[in-house]
Amino acid sequence: MFTPKWKSEALHIAKGARKFVNYKRDLLKEGLVAEIESRRNDLLAAIKSGDKTKTAEASKMLNAACENSLPHEKPLGWFEENVEVMFVAIVIALGLRAYYLQPFRIPTGSMQPTLNGIIGKPLPQAEWPSLPQRLAEKVLRGRTYVRVVNDQDRFLAVTREGRVDIRDVQFMHFFSRSELRFTDSPPLRLPAPTNPCTQIGLAAAIQTASRNGGLLPKGTVICEGTVDSGDLVLVDKFSYHFRKPERGEVFVFDTLGIRGIHERSGEQAAGSHYIKRLCGVPGDTLQIQSPNLLIDGRIAKEPGIQRVIHGEGDYAINPNGYGLADSRELLGRSKTISQYLASPDDKLSLVGKNARPGMREYAALGDNTGNSLDSRYWGPVREFNLVGPALFSLWPVTTGHWGFIR
């Protein structure tokens with residue numbers, strides 16, 4: 001505090017010279033290290049003598065010795081500096097994604113109204129708003145205006161079960177799309193997954209083809225309307241390393257090894273993630289007596305579950321609360337595919353604390369119980385499948401879901 005400015009600056013130079021030698025010692029020749037140390041000692045001696053002129057001269061000599069010790073190292077240009085900054089930013093982002101926070105796009109409507117999936121609404125192109133308004137809606141609510149017209153005669157391909165061959169795919173590992181397949185031409189990529197596309201014209205196009213013996217005529221409108229992006233949420237991948245998952249929270253899990261999902265979705269389920277409400281923890285026994293979800297014979301009291309049970313306000317999407325698995329879902333499927341909660345007497349018991357590490361079981365149910373493929377159909381989720389709780393709804397910002405997820 002009471003040290004003269006010239007002495008304080010000289011001491012900083014001496015300290016910086018010592019750090020320079022320590023950081024660059026592997027690049028400096030031995031003679032240069034000795035010279036810098038000698039200049040540093042001269043500076044310290046000048047400071048100790050209290051001679052301001054000698055101190056200034058010694059400081060200049062020490063600075064020159066450091067600056068000239070690595071003449072082959074030229075300063076980075078603007079391009080190199082920007083590349084370095086971007087590289088560091090990418091590394092940090094990848095580290096955060098791998099260990100702490102991972103973005104996840106809601107693909108379906110199984111969690112409505114808590115979270116929105118991708119929603120399609122039919123709207124003729126003649127009624128579309130102006131381009132500036134469409135751009136604003138894209139930014140604020142993730143709405144895209146789409147129109148897909150068949151550009152040539154094509155014959156629809158069908159699966160072994162006799163259904164039209166249309167598959168959901170991931171574009172660039174992040175964007176959800178679907179592909180309509182044909183027998184006489186390459187697949188046609190559609191701007192949204194199967195369900196939203198059926199809402200904006202695909203179902204009618206398929207009916208047209210069925211009336212023509214599978215021929216989809218040139219000029220048929222396959223999709224026309226709006227597609228609202230699913231909510232983009234941040235998943236906390238860190239918390240479950242330090243606490244147990246809690247009944248009632250929204251969580252994300254992968255589908256690895258969940259047989260019922262793969263039997264129903266095939267290749268589409270490989271490597272995918274689901275988001276649901278965690279409605280059962282290890283040791284619980286679940287039962288549905290509509291509208292109630294029973295845990296060990298008692299109505300679940302968690303707020304998120306209670307909102308679905310009462311079916312009020314936005315949750316009137318399911319006025320009857322929790323429903324049983326729909327037996328019609330099994331039509332046309334193998335008899336070996338089972339359901340777990342299809343009648344009021346069915347119970348789903350989750351393996352508890354006596355299970356091997358990673359094999360404890362959880363139950364996952366969608367808030368949109370009437371339109372959710374969940375543990376009622378394919379059973380429990382094992383501990384090793386858990387990714388983490390859904391933490392924050394990041395985008396779009398105008399749907400009313402922005403903020404922490406509950």
Sequence-distant lysines (8 or more away, or on other chains) whose Cα lies within less than 29 Å of LYS301: LYS237, LYS244, LYS276, LYS347, LYS353
How much net charge surrounds THR399 when only the other residues with a Cβ under 13 Å from the Cβ of THR399 are counted, with Lys and Arg +1 and Asp and Glu -1? -2
Checking ASP228, ASP314, ASP42 against a Gaussian network model of the chain (alpha-carbon springs below 10 Å), the top fluctuating residue turns out to be ASP42
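Relative contact order (percent) for the stretch 119-228, with alpha-carbon contacts under 8 angstrom and 6 or more residues of separation? Spell out each step's value before the answer.
Numbers: 203 pairs, mean separation 44.4, N = 110.
Computed over the stretch 119-228, the figure is 40 percent.
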Please report the net charge: other residues with Cβ closer than 12 Å to the Cβ of ARG360, K and R +1, D and E -1. +1
What percent do you get for the relative contact order of the chain when only Cα pairs under 8 Å and 6+ apart count? 16 percent
How big is the charge dipole of the chain about its Cα centre, in debye rounded to the nearest 20, if each Lys and Arg gets +1 on its Cβ and each Asp and Glu gets -1 on its Cβ? 720 debye
List the aspartates and glutamates whose Cα lies under 20 Å from the Cα of LYS121, skipping any in the same chain that are fewer than 8 positions away. GLU137, ASP168, GLU179, GLU224, ASP228, ASP231, ASP314
Residue among LYS301, LYS48, LYS218 with the largest mean-square fluctuation in a Gaussian network model of the chain, springs linking Cα atoms under 10 Å: LYS48
If amide hydrogens are placed 1.01 Å from N in the peptide plane, which non-local residues have theirs closer than 5 Å to the one on GLN339? none
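Read the figures in this text as sums done on the coordinates, not as results from a lab. Remember, predicted model here, so these are calculated numbers, not experimental data. FYI the Cβ positions are ideal-geometry reconstructions off the backbone, even for glycines, and counts take in every protein chain you see.
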